[in-house]
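Novice: Sharing a structure with you now.
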Amino acid sequence: MALPDFQSFFLPALGALADGKPHGLKEVREKAADQLQLDAESRASLLVDGRTPVYVSRTDWAVTYLFRAGALARAERGVYQITERGKELLARGLEKLTQKDLLEFPEFRKFLRGNGPEVPPPCGGDASPEEQLANAWRELRESLVAEILDKIRQITPSHFEQIVVDLLVAMGYGGSVEDTARVLGRTGDGGIDGMIKEDKLGLDVVFVQAKRWGQNVGRPEVQAFAGSLEGARARKGVFITTADFTREAREYVRQIEKKIILIDGRRLAELMIDHDVGVTTVQTYRVKRVDSDYFEED
């Protein structure tokens, strides 16, 4: 089943504290999830970070909103208790408690306003603030990947070769740009190939082939690459293409003994982003949380 939207967690989170006793955040999360009848699949759904369950983020932010609206009080670190205002909200018998309902309380309006003169409009309700930021980051990254791929497909073969060299060096392979450029020879078909050092000391080598192709790379090309490793007495290889690999090609590398990594156009663009090759950082946002331990007295 699909996860309920962010604001659907407000009322269950408040209801989890309806008995008036202090409850830990972990207990509130599970009670809210039970009330919303979340199945195992919904509880396993993760944020973009790949670590935090979505329902945990939504419950935690629901508790934060309720606390800022004066519906909850913090009994101690990570422990909350319902207030008279919270009990009054429950007594209204609302089918769904929303941000719009919380806006009647001046503490909540001040919380949303921050240092600004006006209160922002209510959120759409689908995602918590943390999710909205993560989703915006993902959309920007997807757009950047598409833009990089478009650029790569328009550049000259020699420029593509330079990108491959720069990326490998940025990832820690081959030593210096000069060394890597010297050992990777041009194939004459819009690509490069050769052996580079896997580490700065050259304790092992990696055979590299990069193809600036428009069509997908099939098993015959990858099988020929595996044969090149054999001839070069190399055990590891990286095959890079600006296009994609066929299913047969991917299955082939899973079956053979030698370790061959296939990097398609999309993965190439992602690696360029991750290692700052061909991209520039415009702005950095650091998401922080309060360190509750810091405020604990000895």
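The values are calculated or read from the model by the stated rules, or taken from the named source; none is laboratory data. The structure presented is a predicted model; accordingly, all values stated were derived computationally and were not measured. Neighbour counts run over all protein chains shown; Cβ positions are idealised from the backbone, glycine included. Surface accessibility is based on the protein's heavy atoms, side chains included, excluding ligands, DNA and RNA. Shrake-Rupley method; radii C 1.70, N 1.55, O 1.52, S 1.80 Å.
Novice: Could you say whether any residue in segment 246-269 is among the polar types (S, T, N, Q), in a helix (DSSP H, G or I), modelled with pLDDT of 85 or more and exposed (fewer than 15 other Cβ atoms within 10 Å of the Cβ)?
Specialist: Taking segment 246-269 as the starting set, the residues that turn out to be among the polar types (S, T, N, Q) are 246, 255.
Now narrow it down to the ones that are in a helix (DSSP H, G or I): 255.
From what's left, modelled with pLDDT of 85 or more: 255.
Add one more test, that the residue is exposed (fewer than 15 other Cβ atoms within 10 Å of the Cβ), and what stays is 255.
Yes - at least one qualifying residue is present in segment 246-269.
Novice: While we're looking at this one, here's another question. Considering each of ALA40, ALA13 in turn, give the residue that is aliphatic (A, V, I, L, M) and either open to solvent by 20 Å² or more (accessible area, probe 1.4 Å) or farther than 24 Å from ALA134 by Cβ (or both). So that I can check it myself, show each step before the final result.
Specialist: On the way: ALA13 fails: either open to solvent by 20 Å² or more (accessible area, probe 1.4 Å) or farther than 24 Å from ALA134 by Cβ (or both).
One residue alone meets the criteria, ALA40.
Novice: For GLY124, state whether it is open to solvent by 40 Å² or more (accessible area, probe 1.4 Å), at pLDDT below 80, closer than 22 Å to ALA226 by Cβ and assigned to a loop (DSSP other than H, G, I, E, B).
Specialist: For GLY124, the condition - open to solvent by 40 Å² or more (accessible area, probe 1.4 Å), at pLDDT below 80, closer than 22 Å to ALA226 by Cβ and assigned to a loop (DSSP other than H, G, I, E, B) - is not met.
Novice: In addition: I'd like to check something: does segment 15-28 contain any residue that is closer than 30 Å to GLU139 by Cα, in a helix (DSSP H, G or I), touching a Leu at 6+ places or on another chain (Cβ under 7 Å) and touching a residue at least 24 places away in the same chain (Cβ under 8 Å)?
Specialist: No: segment 15-28 contains no residue that is closer than 30 Å to GLU139 by Cα, in a helix (DSSP H, G or I), touching a Leu at 6+ places or on another chain (Cβ under 7 Å) and touching a residue at least 24 places away in the same chain (Cβ under 8 Å).
Novice: Looking at VAL217, VAL222, VAL208, can you tell me which residue is crowded, with 16+ Cβ neighbours inside 10 Å and modelled with pLDDT under 90? Don't jump to the end; show me each part of the working.
Specialist: Numbers: VAL217 fails: modelled with pLDDT under 90; VAL222 fails: modelled with pLDDT under 90.
The unique qualifying residue is VAL208.
Novice: Still on this structure, please answer the following. Within segment 246-279, how many residues are among the acidic types (Asp, Glu) and under 19 Å from the mean Cα position of the chain (by Cα)?
Specialist: Let us first name the residues in segment 246-279 that are among the acidic types (Asp, Glu), namely 248, 251, 257, 264, 270, 274, 276.
With under 19 Å from the mean Cα position of the chain (by Cα) added as a condition, the list becomes 270, 274, 276.
Selection size over segment 246-279: 3.
Novice: Something else now. Name every residue in segment 16-37 that is open to solvent by less than 40 Å² (accessible area, probe 1.4 Å) and of a type outside the set (A, V, I, L, M), in order of residue number.
Specialist: Correct list: GLY20, HIS23, GLY24.
Novice: Being among the aliphatic types (A, V, I, L, M) and more than 28 Å from ALA136 (Cα to Cα) narrows it down to one of VAL277, VAL253, VAL282, so name that one.
Specialist: VAL253
Novice: Given the conditions (1) over 20 Å from the mean Cα position of the chain (by Cα); (2) part of a loop (DSSP other than H, G, I, E, B), which single one is not true for ASP49?
Specialist: All conditions are met except number (1).
Novice: Regarding segment 77-91, can at least one residue be identified that is among the aromatic types (Phe, Trp, Tyr) and touching a residue at least 40 places away in the same chain (Cβ under 8 Å)?
Specialist: Yes, that holds for at least one residue.
Novice: Quick one: count up the residues across segment 16-37 that are more than 25 Å from ASN135 (Cα to Cα) and among the charged types (D, E, K, R).
Specialist: Residues that pass the stated criteria total 5.
Novice: Still on this structure, please answer the following. Can you pull out every residue in segment 225-245 that is closer than 26 Å to ILE155 by Cα and either open to solvent by 70 Å² or more (accessible area, probe 1.4 Å) or under 31 Å from the mean Cα position of the chain (by Cα) (or both)?
Specialist: Once the filter is applied, which keeps residues that are closer than 26 Å to ILE155 by Cα and either open to solvent by 70 Å² or more (accessible area, probe 1.4 Å) or under 31 Å from the mean Cα position of the chain (by Cα) (or both), segment 225-245 yields GLY237, VAL238, PHE239, ILE240, THR241, THR242, ALA243, ASP244, PHE245.
Novice: For segment 256-287, enumerate the residues that are acidic (Asp, Glu) and touching a residue at least 60 places away in the same chain (Cβ under 8 Å).
Specialist: GLU270, ASP276
Novice: Turning to a different aspect of this structure: Is it fair to say LEU184 is surrounded by 15 or more Cβ atoms within 10 Å (Cβ to Cβ) and modelled with pLDDT of 85 or more? I'd like the intermediate steps shown before the answer.
Specialist: Numbers: surrounded by 15 or more Cβ atoms within 10 Å (Cβ to Cβ): yes; modelled with pLDDT of 85 or more: no.
For LEU184, the condition - surrounded by 15 or more Cβ atoms within 10 Å (Cβ to Cβ) and modelled with pLDDT of 85 or more - is not met.
Novice: Based on this model, can you work out whether GLU107 counts as at pLDDT 90 or above, open to solvent by 60 Å² or more (accessible area, probe 1.4 Å), among the charged types (D, E, K, R) and over 19 Å from VAL279 (Cβ atoms)?
Specialist: yes
So that you can scan it fast, the table gives a plain yes or no per residue for (1) open to solvent by less than 40 Å² (accessible area, probe 1.4 Å); (2) among the hydroxyl-bearing types (Ser, Thr, Tyr); (3) farther than 30 Å from THR64 by Cβ:
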residue	(1), (2), (3)
ALA134	yes, no, no
LEU144	no, no, yes
GLN154	no, no, yes
GLU161	yes, no, yes
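Novice: Another question, if that's okay. Of the residues THR64, THR59, THR98, which single one is open to solvent by less than 50 Å² (accessible area, probe 1.4 Å), free of Cβ contacts under 8 Å to residues at least 12 places away in the same chain and of a type in the set (Val, Ile, Thr)? Before the answer, list the steps.
Specialist: On the way: THR59 fails: free of Cβ contacts under 8 Å to residues at least 12 places away in the same chain; THR98 fails: free of Cβ contacts under 8 Å to residues at least 12 places away in the same chain.
The unique qualifying residue is THR64.
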